[in-house]
Amino acid sequence: MGAGNSNFGFMLADWPELAQHPRRAEQFARIDPRASMFYARYTAERLVEWIYKVEPSLALPYKEDLNALLNEPAFKNLVGGVIGNKFTIIRKAGNNAVHNPVNPTIMGAELVLKELHHVCYWLARNYGKNGSQLPPSLAFDAGLLAPAPKAAAPQQSPAQLQQLEADLKAKDEALAEAAAANEDLAAQLQQIQAQIAAAKKQNQAVPDDHDYDEALTRKHLIDLDLNEAGWPLSNPEDREFPVDTMPTASGTLTGTGFIDYVLWGDDGLPLAVVEAKRTTKDPHVGKQQAKLYADCLERRYGRRPVIYYTSGYETWIWDDSMYPERRIQGFHTKDQLQLLVDRRTSRNPLAEQPIDNTIVERAYQHTAIRAVTEAYESQHQRKALVVMATGTGKTRTVVALAKLLQEANWAKRVLFLADRTALVRQAANAFKTHLPGSGPVVLGSGEEADSRIHVATYPTMMNLINKTTGTLGQRRFGIGHYDLIVIDEAHRSVYQKYRAIFEYFDSLLIGLTATPQSEVDRNTYSLFDIEDNVPTFAYGLNDAIDAGFLVPPRVVPVPLKFPYEGIRYDDLSDAEKEQWDELEWNEDGEIPDEIDPAVVNSWLFNTDTVDKALEVLMTHGHKVAGGDRLGKTIIFAKNSRHAEFIAKRFDHHYPQYKGHFARVVTYQVNYAQTLIDDFSKSDSNPHVAISVDMLDTGVDVPEAVNLVFFKMVRSKTKFWQMVGRGTRLCPDLFGPGQDKQDFLIFDLCRNAEYFNAGMPGNEGTVAKSLAEITFATRAKILRAATDLSWAPADGYVEGLRSALRHTIDRLPRENFLVKPARQWVDRFAEDQTWTALAGEDFDALEHDLARLASIGALPDTEEAKRFDCTMYQAQLAALTDPAGLVGFRRKIQSVAAALHDQPNVPAIAAKMVLLETVLDDGEWESVSPEWLESIRSQLRDLVHLIEKRKRNVVYTNFQDELGELEEIELAGASTGFMDFSRYREKTRLYLADYQDHTTIQRLRRNRQLTDQDLEELGRILAESGVGTPVDLERAGTEGLGLFVRSLVGLDRDAVEEALAEFISDTALTASQLDFLQLLVNQLTENGVVKPDALFKSPYSELAPSGPDELFGEERAVRLISTLRAIESSARVG
């Protein structure tokens, strides 16, 4: 093939040997597309190797394969985003050809050749001797390719190409070794580099006006995304598929069109259409067109495909038979798409799917599940937030929900996420227990992940998403891998930190939290797309206490002076002052005048403070074993030293327990889980667990009756989790028939008072990383410089641009965190972008890319990163707000002073003049960003040398003061109905022996009560010995007959007799039957149903507008009259 018959003839003058490889790719394009793609990639490899040789600024990465070479930041910066993407397309196509048994298409081979042509043009345009003279209009001409043979030509198999790849690699390595040993060649290389540099400078002096067809590259990126999801696009009907029933202007369906991509099922029917718009702006411009294409395919094949529309940077899915459009991060696999389509007809109505009573038997758990399924099905929402108090069975509820969704064919795979390994294993055990055979897998534990139930910590899942499998690099977890994701303890900080997980997977989402409904952060509600203070379902601590499912807390503030007010030297006795003066407070011998309360139990531990706290616990805490032993107790300590000090003081006062009774349980303790297991046993030591963060959540010990808050808590979420350690029921805890009725909270740090006062909780908002803050600040300085038209000399602004760009160049484009911002990564990879930054560019730098900065940051000392951050913020202040520089000045001078105090360090001694300048207040009268940048660049590598001042741990024995102990209520925790709920339960048990009593039988059979019956009921209850006269009086508030009937229920035959008019109707619909069945069940169990209950859940789930919606107004009135008659029969008069 001569130069005139090849698209790559322009390379022969400067690269005669290299030019042979793309020409081979041309020869095979229509004969053997697999071989063509192989040679295209081989060409790219040789091009990249050549560039690394002639560019002295490029250093070889740790791994010298093509992927590593292409992703070296300096190389990415050199070639820019457009050419870099083309290299990636060629590399992946070549890998696919070598390793994928599916035959590539001629069209695919030609597209790869077009990209290779652009790459080779770029090479010649920049490095050729006469590169500037290449015509910009030079374009790839498919007419120069050899025609496809009439008879099928033999195709090279993947195995043959793999062998060819190995042979060529061995040959190239041998040549490289010979060249490295040749000193003459090394000398020639230096000359060549100089010549190439001169040619490059000359070529770049002339603007490059060649159209590199970035839109085509973006379309190829769509190909790569589809390939990643397992779509080979190897058949002609996969692309540019013709349709002929498009609507026309005249109103007919005779128009034609071509669908960019059709994704086909194994049954030959379309699963999805993909409309690819060549625009970086908004893929929605293709939404209606994609919808019309879906209409055409539905008319032809009788099945509606799922709709995708994408720009290559941003992809949306629209399954318009179920949900509105939503943004996604890729494409579904064939199996996942087939499942989406099949579920349109195979999934069962959730409202009709039974809930497994063996998993959840409580009514509120059923209501929670129905509220979630209604949100998913009737309201077409994909997110739900459930608020349930600790101890009410959140995990069991989710297990039952998962089973329901799987049995209804709404979900196949479920992912349960939590922030601690203990919670993950607890969830796995719950699935094993309540869903036998489900085989839940804890991801990251080394187990195989072939189960339909996965549980994992958030960090583990973040790492796994980027994992690929096989030689083709398909993600182990595609976007459609899970159908339901459960977020345990969903609150803002978890969602902010790990929201990339929830945005990556295209699944239903349910968040769980024990934080009271009114205390849930408003941002959490917005993250789940629901109204503030209106979760999908809520069952709070008060609800559970009132119903007798949990016990309430009794809060006892312990007003010790030192933890409340701190320690003042002037308040001490003379002997204590002498002790104070003798303490080694720090290495400098400085003696403070007072100690802040925050310091107490942090690094200052006072013996009398801890002793008094333990005395309160041992004196006033709940006792078990006939009052001889302190009940199970958790002490929440401030830190490990604090925990150890408490244990030491306990052992000092109670040596008879031989160190077993109270034990420290922290992450620093070996075999801590065995201590937790022992603590969970009712009669086993330890009986006091002194914990630092380890027992705040996820540990269920029903016997726990004392909680000691010996640390300050300001997170509402964490506070209520900690309170939840004591709320669980425990029958017979204090002896036969003496159940746990409450638990005590000894609060030494005013936590209850803080939250009772409605103070804002600190939910641990995720702090921005130093890399993010520094990157964003650089971008803000650059924006300010642009806005102010400020152009200092000495390359200051160029240094900012360079620092930002180098960070962006180090971002791995295929990382799932980076992928949503790939449009901006590509844009800022181009030189011309940086010469004319617009407002949206600065916005992207300060937000979209800044949050990724830590991924692209170079390894460095924390001290240097903190100093950089401070210095750039100071530079921004100097440019935009000089008055705000004061605080930064103090920090900078403090660092300079610390360095100045170490003149014996040679590296610091060399900067003494600069340090003295920084410490000179006169120098700060007029400050410029350039001067501050000079300070930053010269001192940043020294700051880690500053000697760390060690904070001494101080132990004291000053006399603390204990105020009055007075119990207070805890806002959000009910106490008023606690005793009565227990009275009801005990009365119910007592009446079980009176089922055959004549009066009880009249109540159960819906017979009208008489005055004599009421007297008899009063006698029965009075003689029971259950409760107090006040309880009995309260029981009769609405009528003693109604109270007793609510405990013994109604006989089912009596209920059916009362509702005979409705039940006997043979023309009832399924919905009417469900409604009546629910009514019969509730009357049988509770003895009465108030008429207004028919307009609330669970009845409203069947008849949202009330019973007249199902039965008509006339029959609904009769139904309500029947309920009133049933209620009336339990009353007298």
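A short reminder: the numbers here are calculations on the coordinates, not readings from a lab. Computed from a predicted model, the values in this text were never measured in an experiment. All Cβ positions, glycine included, derive from the backbone under ideal geometry; neighbour counts span all protein chains shown.
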Fully extended contour minus Cα-Cα distance, from Asp860 to Ala170, at 0.36 nm per residue: 244.6 nm
Order by protection proxy (mean Cβ within 10 Å, highest first), peptides 157-163, 269-275, 216-222: 269-275, 216-222, 157-163
Equivalent ellipsoid dimensions for the chain as semi-axes, Å, which come from the Cα gyration tensor, largest first: 64, 47, 24
Values of log10 I(q)/I(0), in the order q = 0.17, 0.23 Å⁻¹, for region 237-331 under a Debye, Cα-only, solvent-free model: -0.70, -1.22
Residues Glu173, Glu576 arranged by fewest to most Cβ contacts within 10 Å: Glu173, Glu576
Size of electric dipole in the chain: Cβ of Lys, Arg +1 and of Asp, Glu -1, about Cα centre, debye, nearest 20: 2820
Linear extension gain, Val886 paired with Ala151, 0.36 nm per residue minus alpha-carbon span: 256.4 nm
Rg(Cα)/(2.2 N^0.38 Å) for region 770-945, N = residue count: 1.09
Within region 606-654: Cβ-based charge dipole about Cα centre, in debye rounded to nearest 20 (Lys, Arg +1; Asp, Glu -1): 160
Sites Thr619 and Ala422 - FRET efficiency at Förster radius 25 Å, r taken between beta-carbons, to 0.05: 0.15
Likely footprinting exposure, Phe75, Phe636, fewest C-beta neighbours within 10 Å first: Phe75, Phe636
Globularity index of region 978-1128, i.e. its alpha-carbon radius of gyration over 2.2 N^0.38 Å: 1.14
Full-extension gain in nm, Gln202 to Glu584, via 0.36 nm per residue minus C-alpha separation: 130.4 nm
Alpha carbon convex hull of region 826-903, volume per residue in cubic angstrom: 146
Spin-label pair Trp50/Thr1037, simplified geometry with 7 Å Cα→Cβ offset, distance in nm: 9.1
Thr468 versus Ala757: modelled label distance in nm, points set 7 Å from Cα along the beta carbon direction: 5.6
Angle between the chain longest axis and helix 492-504 axis [Cα atoms, degrees, rounded to 10]: 50
In sequence order, calculated HN-Hα J values of region 38-50 (Karplus, 6.51, -1.76, 1.60; Hz; x Gly/Pro): 4, 6, 5, 5, 4, 4, 4, 4, 5, 4, 5, 4, 5
The chain: antiparallel DSSP beta bridges as a percent of all, rounded to 5: 30
Between 0 and 90°, nearest 10: helix 640-653 axis offset from the chain longest Cα axis: 30
Against the rule of thumb 2.2 N^0.38 Å, how large the Cα Rg of region 859-963 comes out: 1.37
Cα convex hull of region 3-212, projected area averaged across orientations, nm²: 12.0
Eligible aspartates and glutamates near Lys200 by straight Cα distance, threshold 18 Å, same-chain separation 8 or greater: Asp14, Glu49, Glu55, Asp208, Asp209, Glu830, Asp831
Ordering of 438-446, 200-208, 907-915 by packing [mean C-beta count within 10 Å, highest first]: 438-446, 907-915, 200-208
0 to 90° range, to nearest 10: angle between helix 770-787 axis and the chain longest Cα axis: 60
Whichever aspartates and glutamates have a C-alpha closer than 17 Å to that of Lys648, once near sequence neighbours (fewer than 8 apart) are set aside: Asp608, Asp611, Glu615
Rough spin-label spacing in nm, given labels placed 7 Å along Cα→Cβ, for Ala575 and Glu1057: 8.4
Leu1073-Asp320 FRET efficiency (beta carbon distance; Förster radius 41 Å; 0.05 resolution): 0.80
Relative exposure of Thr697, Thr609, judged by other C-beta atoms within 10 Å (fewest first): Thr697, Thr609
Net +/- balance of residues flanking Cys749 in space, Cβ distance below 11 Å, scoring K and R +1, D and E -1: +2
Mean Cβ neighbour count within 10 Å, used as a protection proxy, ranking 417-424, 1056-1063, 477-484 highest first: 477-484, 417-424, 1056-1063
Cross-link partners of Lys780 among lysines (Cα-Cα below 19 Å; sequence separation of 8 or more within a chain): Lys768, Lys865
Amide H contacts under 5 Å for Gly255, placed H, 5+ residues apart: Met246, Thr248
3J(HN,Hα) from dihedral phi, region 620-626, Karplus parametrisation 6.51/-1.76/1.60, rounded to Hz, x for glycine, proline: 9, x, 5, 10, 10, 6, x
Phi-based couplings in Hz for region 150-156 (Karplus 6.51, -1.76, 1.60; Gly and Pro marked x): 5, 9, 4, 8, x, 9, 7
